[in-house]
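J.: The structure under discussion is supplied below as structure tokens; questions concerning it will follow.
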2 protein chains.
Amino acid sequence: MQKFLEILKEKGSKVTRPRKKVLSVLLNANYPFTLSEIYRNCTDIDFASVYRTVQLFISMKIVRQINMCDKKIRYELIIDKPHHHIQCNGCGKIEKLDICILDEVRKLTDYNITEHMMEFSGLCPDCKIK
Amino acid sequence: MQKFLEILKEKGSKVTRPRKKVLSVLLNANYPFTLSEIYRNCTDIDFASVYRTVQLFISMKIVRQINMCDKKIRYELIIDKPHHHIQCNGCGKIEKLDICILDEVRKLTDYNITEHMMEFSGLCPDCKIK
DNA sequence: CTGGTTGCAAACTCTTTGCAATCCT
DNA sequence: AGGATTGCAAAGAGTTTGCAACCAG
């Protein structure tokens, strides 16, 4: 939390109630939240402020945007290295994936790849036997 | 074209002008189109009809939905086996990728994976040297 | 002829913005 | 104090639906 507030100050932005609240919601989220999920957890903060705060955080590289299979745009704090997700359609849980194919695609295509997404969904080991 | 019209008939749907038009637009598209790109290429067809036609085609497995890095939902005919895409942010071209990591993720997670996306964007070899 | 389909218009949902009031520093 | 930020309200953009008229089989 403190670390992120420092980034705000460094870049000349103010530490305000809405920004602290959005930050704490994202810190407590154990999977990437949609905008409205963030909003629903920010009591007394206007939707527009949540929206603008998230945009600000993205521009400051505090937050990254995630697209999962359900086509909803989600957001997560940049606290660990980039990773991908797998979501269970049975119980809804979202897990991080420690596997990537970026380097192979770089070699294969010779592109200078700046963005990529790799997201999976299905039934987790528990749900698929039920 | 004929093959797809057969599927329509088999499933008890009528072969109409809007449906033929949407089909031909998708056949001529050399990359996945968004709904409005399809609409823009369907002169004299109402947006709602394009929309409902695409939904119908999805339910009949004639069309699949693609999410690319630009966050826009795109559609392509199911004519070849599933594949992924890489998009150049310089010249805009979209290429198919003949690489996938699905089996590795299956092994790693033991999920019964029913959906996945893997999309890349960046600068193609030509654009990155400019 | 007749039920499936279309076009139009309107309702929704989600995202984005202008502006006066308010809050950090 | 003074500029950045917020809340409100409304505008946009994209998606979805009800319904009367129309058309393919």
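The values are calculated or read from the model by the stated rules, or taken from the named source; none is laboratory data. None of the values given here were measured: they were computed from a predicted structure. All Cβ positions, even for glycine, are placed from backbone atoms using ideal geometry, and neighbour counts span all protein chains on display.
J.: Against the condition within 16 Å of DNA strand C (Cβ to nearest atom) and surrounded by 13 or more Cβ atoms within 10 Å (Cβ to Cβ), how does A:V15 come out, does it pass?
T.: no
J.: Would you point out which residue out of A:I73, A:I45 is more than 10 Å from DNA strand C (Cβ to nearest atom) and either of a type in the set (A, V, I, L, M, F, W, C) or in contact (Cβ under 8 Å) with a residue 24 or more places away in the chain (or both)?
T.: It is A:I45.
J.: Kindly list the number of the only condition in (1) within 30 Å of A:E104 (Cβ to Cβ); (2) modelled with pLDDT of 95 or more that fails for B:H83.
T.: All conditions pass for B:H83, except number (2).
J.: Mind listing whichever residues of region B:116-130 are facing chain A (nearest Cβ under 7 Å) and touching a residue at least 24 places away in the same chain (Cβ under 8 Å)?
T.: Those that are facing chain A (nearest Cβ under 7 Å) and touching a residue at least 24 places away in the same chain (Cβ under 8 Å): B:M117, B:M118, B:E119, B:F120, B:S121, B:G122, B:L123, B:C124, B:K128.
J.: Same structure again: B:T114 fails exactly one of the following numbered conditions: (1) away from DNA strand C (no atom under 15 Å from the Cβ); (2) among the β-branched types (V, I, T); (3) buried (at least 20 other Cβ atoms within 10 Å of the Cβ). What is the number of that condition?
T.: (3) is the only condition that B:T114 fails.
J.: Now for a separate question. Scan region B:55-67 and report the pairs whose first residue is under 16 Å from B:S36 (Cβ atoms) and whose second residue is in a helix (DSSP H, G or I), with Cβ atoms within less than 7 Å and a gap of 6+ or a chain change.
T.: That search, which allows pairs on different chains as well, returns B:V63/B:L26; B:V63/B:V54; B:V63/B:F57; B:Q65/B:I58.
J.: State all residues of region B:1-37 that are among the hydroxyl-bearing types (S, T, Y) and not in a helix (DSSP H, G or I); if no residue qualifies, say none.
T.: Within region B:1-37, B:S13, B:T16, B:Y31, B:T34 meet the criteria.
J.: Only one of these is touching a residue at least 12 places away in the same chain (Cβ under 8 Å) and within 12 Å of DNA strand D (Cβ to nearest atom): A:P18, A:P32, A:P82. Name it.
T.: Result: A:P18 is the single residue among A:P18, A:P32, A:P82 that is touching a residue at least 12 places away in the same chain (Cβ under 8 Å) and within 12 Å of DNA strand D (Cβ to nearest atom).
J.: Name the single residue, out of those in region B:99-130 being in a helix (DSSP H, G or I) and among the basic types (K, R), that is farthest from A:C124 (Cα to Cα).
T.: Taking the candidates together, the pick is B:K128.
J.: Also: Evaluate the following for B:I45: is it away from every other protein chain (no Cβ under 12 Å), in a loop (DSSP other than H, G, I, E, B) and touching a Phe, Trp or Tyr at 6+ places or on another chain (Cβ under 9 Å)? Please lay out each step first, then the result.
T.: On the way: away from every other protein chain (no Cβ under 12 Å): yes; in a loop (DSSP other than H, G, I, E, B): yes; touching a Phe, Trp or Tyr at 6+ places or on another chain (Cβ under 9 Å): yes.
Yes, satisfied.
J.: Give just the number: which of (1) in contact with a Pro (Cβ under 7 Å, 6 or more places away or on another chain); (2) more than 14 Å from DNA strand C (Cβ to nearest atom) does B:D80 not satisfy?
T.: Going through the list (1) in contact with a Pro (Cβ under 7 Å, 6 or more places away or on another chain); (2) more than 14 Å from DNA strand C (Cβ to nearest atom), B:D80 breaks only (1).
J.: Can I ask one more? Give B:I113, B:I62, B:I101, B:I73 a once-over and let me know the one that is under 26 Å from A:N89 (Cα atoms), within 16 Å of DNA strand D (Cβ to nearest atom) and at the interface with chain A (Cβ under 8 Å from one of its Cβ atoms).
T.: Unique residue meeting the criteria: B:I73.
J.: With the structure loaded, tell me whether A:K61 is outside any helix (DSSP H, G or I), on the phi > 0 side of the Ramachandran plot, surrounded by fewer than 19 Cβ atoms within 10 Å (Cβ to Cβ) and not small (G, A, S) or whether it fails that test.
T.: Working: outside any helix (DSSP H, G or I): yes; on the phi > 0 side of the Ramachandran plot: yes; surrounded by fewer than 19 Cβ atoms within 10 Å (Cβ to Cβ): yes; not small (G, A, S): yes.
Spelling it out, A:K61 is indeed outside any helix (DSSP H, G or I), on the phi > 0 side of the Ramachandran plot, surrounded by fewer than 19 Cβ atoms within 10 Å (Cβ to Cβ) and not small (G, A, S).
J.: Can A:I73 be described as at pLDDT below 95 and over 25 Å from B:E104 (Cα atoms)?
T.: yes
J.: May I pose another question? Just to be sure, is B:L27 more than 10 Å from DNA strand D (Cβ to nearest atom), in contact with a helix residue (DSSP H, G or I) (Cβ under 7 Å, 6 or more places away or on another chain) and away from every other protein chain (no Cβ under 14 Å)?
T.: no
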